[in-house]
Amino acid sequence: MSDALPRLRPLEAFPVEHEGQRMIALRDPAGLTSSIVMLPGPLLEIVSLFDGAHTTVDVQAVVMRQHGQLVTAAEIESVVASLDEHGFLDTPRFAERVAEIEAEFRRALTRPASHAGGAYASDPGELRTTMDGYFAPPAGPGLITARAEGARVQGVIAPHIDFHRGGPAYAWAYRDMAERCDADLFVIFGTCHAGLTHPFALTRKDYETPFGATATDQDFVDAVVARARQYCFGAELVHRGEHSIEFQAVFIRYLFGGRRDFTIVPILTSFAHDALARGKRPEDDRRVARFLDAVVETAAAQKRRVAFVAGADLAHVGPRFGDPEPVSPDALARVEREDRAMLEAVAGSDAAAFFASIEADGDRRRICGFSPIYALLRCLPGVPGVVRHYGQWPDPQAVVTHASVVFS
């Protein structure tokens, strides 16, 4: 194996402390392997050379040159074999794993509730009781009442943070929807944490939840594909483990299941960060413009009532996300100020201003919901929004912020 060129797959890396030792943990954001590998400093340096350009001999030479230490070929090859076993390397073995997973997913009639029993209860009674509690004051907005007066809700931005960390924030978004939205078709834009080579990923599969399956509107999906003139199923597999839409499907089913017939259109998105990196606007990519135009035109052509949802968190700051220092109280306050300034553009339903607000600081806060929020604003131009709630999960190592915005 001395002439092999090991290559790491795209992975998420974050600092952890294990048995009193600081390490870097690796995991797969695509969920194609459930393993988490923890690397101490010396091993991290070796693994960082698994870039498809260094052979075992090259790695030995780098370590010897930098540290005057010989790492044997057997030691390096053992690390390579272990990472390959866990699905962390781009190898034929991993390709076989992906082919098996993809074949299983395509055979499935529905998209399973992949986070049930982990991120939320799989028992419907237990889950309903938990979700009822998210509405209770003071953290929540109060229990849902009969249909309220006011303009019809046309869309919401809700978090995709774990329910146990942000449950009441979901309630702040969805209470208005429950009381003032008569939609029977929900277009849901979600962040694709694994990233995409195409700006959008569609599926025709229904989304399972503990409350029953949430049906996907296949006619709407097919109409969007026809209007957009592009194939959006090449990365359908990313729907398998992505939580950003799953959590919205669970909440919408909780609200309306058994009360009205409805369908969803699940759309995973990943385009805004790429546009920012290229110094372009999102719609300079004609695929983005055509797709979002197709969604708007298809919604307008419906005889049904359509509402839009973005499953989107905001800032991600702290050492776990690449910052050098833990987040201080002063830094936390600064993040809130900058988030709220950005939310002014969101509430103004101005997609261009929203993009510009993130572009102004180079996405310093790592806005996770960049693409789905942009997509929603593009579909609801001129529909004013109200920020119902703003929240932060204040772990100094990994702060995640989120907002609940209602458009009506």
What angle, in degrees between 0 and 90 and rounded to the nearest 10, separates the Cα long axis of helix 286-301 from the longest principal axis of the Cα atoms of the chain?
-> 30 degrees
In whole percent, how big is the carbon plus sulfur part of the accessible area of the chain, probe 1.4 Å, protein atoms only?
-> 52 percent
Where the centre of each part is set by its Cα atoms, how far does the stretch 304-344 sit from the stretch 205-259, in angstrom?
-> 26 Å
Distant alpha-carbon pairs in the chain (separation over 34 angstrom), percent | 33 percent
Net charge, residue 297 excluded, C-beta distance under 11 Å - Lys, Arg +1, Asp, Glu -1 | +1
Accessible area per residue, Å², the chain with all protein chains present, probe 1.4 Å = 44 Å²
Once both axes come from the Cα atoms, what is the angle between helix 124-134 and the longest principal axis of the chain, in degrees from 0 to 90, rounded to 10?
-> 80 degrees
Rounded to 10°, Cα long-axis angle of helix 243-256 versus longest principal axis of the chain = 20 degrees
Per the C-alpha gyration tensor (a ≥ b ≥ c, the square roots of its eigenvalues), the stretch 256-331 is rounded if a/c is under 1.5, else prolate if a/b beats b/c, else oblate; here it's oblate
Given just the C-alpha atoms of the stretch 49-182, how large is their convex hull per residue in cubic angstrom?
-> 228 Å³
Mind checking the full-extension length gain between residue 102 and residue 148? Use 0.36 nm per residue of separation minus the Cα-Cα distance, one decimal, nm.
-> 12.1 nm
Dividing the Cα convex hull volume of the stretch 190-260 by residue count, how many Å³ per residue is that?
-> 89 Å³
Based on the mean of other beta carbon atoms within 10 Å per residue, what is the order of 136-143, 224-231, 25-32, most packed first?
-> 25-32, 224-231, 136-143
222 nm [θ] for the chain, helices only, -39500 (n - 2.57) per DSSP H run of 4+, per residue, to 500?
-> -12500 deg cm²/dmol
In whole µm²/s, the translational diffusion coefficient that Stokes-Einstein assigns to the stretch 1-96, given a Kirkwood hydrodynamic radius over C-alpha pairs, 25 °C and 0.890 mPa s, equals 177 µm²/s
Once phi is turned into ³J(HN,Hα) by the Karplus curve 6.51 cos²θ - 1.76 cosθ + 1.60 with θ = phi - 60°, what whole-Hz value does each residue of the stretch 18-29 show in order, with x for glycine and proline?
-> 10, 6, x, 10, 7, 9, 10, 9, 10, 8, 9, x
Pick from 199, 112, 381: which is most flexible by mean-square fluctuation in a GNM of the chain where alpha carbon atoms under 10 Å apart are linked?
-> 381
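The values are calculated or read from the model by the stated rules, or taken from the named source; none is laboratory data. Remember, it's a predicted structure, so these values are computed and weren't measured experimentally. Glycine also receives a Cβ, built like all others from the backbone with ideal geometry; neighbour counts cover every protein chain displayed. Quick note on the areas: whole protein, heavy atoms, side chains included, nothing else; ligands and nucleic acids left out. Shrake-Rupley method; radii C 1.70, N 1.55, O 1.52, S 1.80 Å.
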